[in-house]
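Here's the structure we're looking at; comments come further down.
Quick note: the coordinates plus some simple rules give every number you see, no bench work behind them. Predicted model only: the values in this text are computed from it and were never measured. With ideal geometry, Cβ positions are generated from the backbone for all residues, glycine too; neighbour counts draw on all protein chains shown.
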Amino acid sequence: MGVQWVLVCHGLATLVVVVSFLCGQWPIFRGTPIQSLHYFLTFGAYDYFLRCVGYVFGNKGTNFVYSVEHACCDRPNPVLQILYLGIIGGVYYSIVTSSFSYIPGYYLSEVHIYTSFLAVGVGILLFVLTSFSDPGTVTPENVSEFLSAYPYDYIIYSEKECSTCKFLKPARSKHCSICNRCVARFDHHCGWMNNCIGEKNTRYFMAFLLWHFLLCIYGTIAIGLVLAGRLKELRIVYILTVYYGIDDSIRSLAPHVVQTFKWQDYISWQRKLNEAKASAAALKASINGLNSEPKPAESKWRAFFRRSPLQDAEVVAKRNVYDKGFFHNVWEIILPLSTRRSFFRAKLKSS
């Protein structure tokens, strides 16, 4: 049973790391180990690494690390692209070698072998489209059309010349220091794609993220059904229920399965759970009996989801001219302005 516990611990550790990395800066985690782990993952670990390198190898070692960082993060390079393909290929290979021998199974048909290959193929296709498509490069030849498509609001964006390209920067554009080009409706430079994400390829990037999210869900469910099918085919539940002399059901079998792991831990957990319920009931009764007591401090969860007082304040800023509503904004991602007929008509007029 040691392997199962290793997998459970690995899953919990992965969950903690992911939550800490993505959400550790949220107010709800302020002053908690999650915030500390977030700081360590995003800054502390690299800082400690640099200190260790400097202590062992001196300034030459530190400068070498900085040069590698500059080459990998501040210049176009395919390192993360190769890493992505390696991760996708390695994971899919491990699934093929470990799970495909059980397909078709009790819950999965043979078609899932082909749909899984198709799903991974579509993900790689979206990756290629995002990586090698034009993000919406602004040039002296098309800058006037982008200026017409994205007017200035004179709040966030106003007339300003790009110091590198030497022409007026259209609103919502930015000069990418890594790619050394101005990009219309610039979002960010993605190292995984080795490309900027801008007006023309945001649709591919969003499709890539959505598809991989669905791919993870599909893979999780499929592997779960493979495991469930093996339990069914080997009649594990039936054998255990006969062994323990109980009803043929997962619910009645659960306490005995836990006992298989460690009965004393299960009993201790049940005792602590009952004590916690009793304490909560006593605390609730005492609070109800002390109406004159001051209101308890608001929990972090309630504070996080509470309506912001700024939402009730008087609106003093002008309307955001770039916020055209949810559906129009999504449609602008799917069909960028530079691909529409109006953009080409403006181009013809300017020429």
- [ ] Could you rank the peptides 14-25, 137-148 by their average count of other C-beta atoms within 10 Å per residue, with the highest value first?
- [x] 137-148, 14-25
- [ ] Return the distance in nm (one decimal) between the two label points of a simple spin-label model at Leu125 and Leu85, each offset 7 Å from Cα along Cα→Cβ.
- [x] 1.8 nm
Task: Cut-off under 5 Å, modelled amide H: who pairs with His189 long-range - done: Ile197
TODO: Quote to one decimal, in nm, the extra length available between Tyr218 and Ile334 on full extension: 0.36 nm per residue of separation minus the C-alpha distance between them.
DONE: 39.3 nm
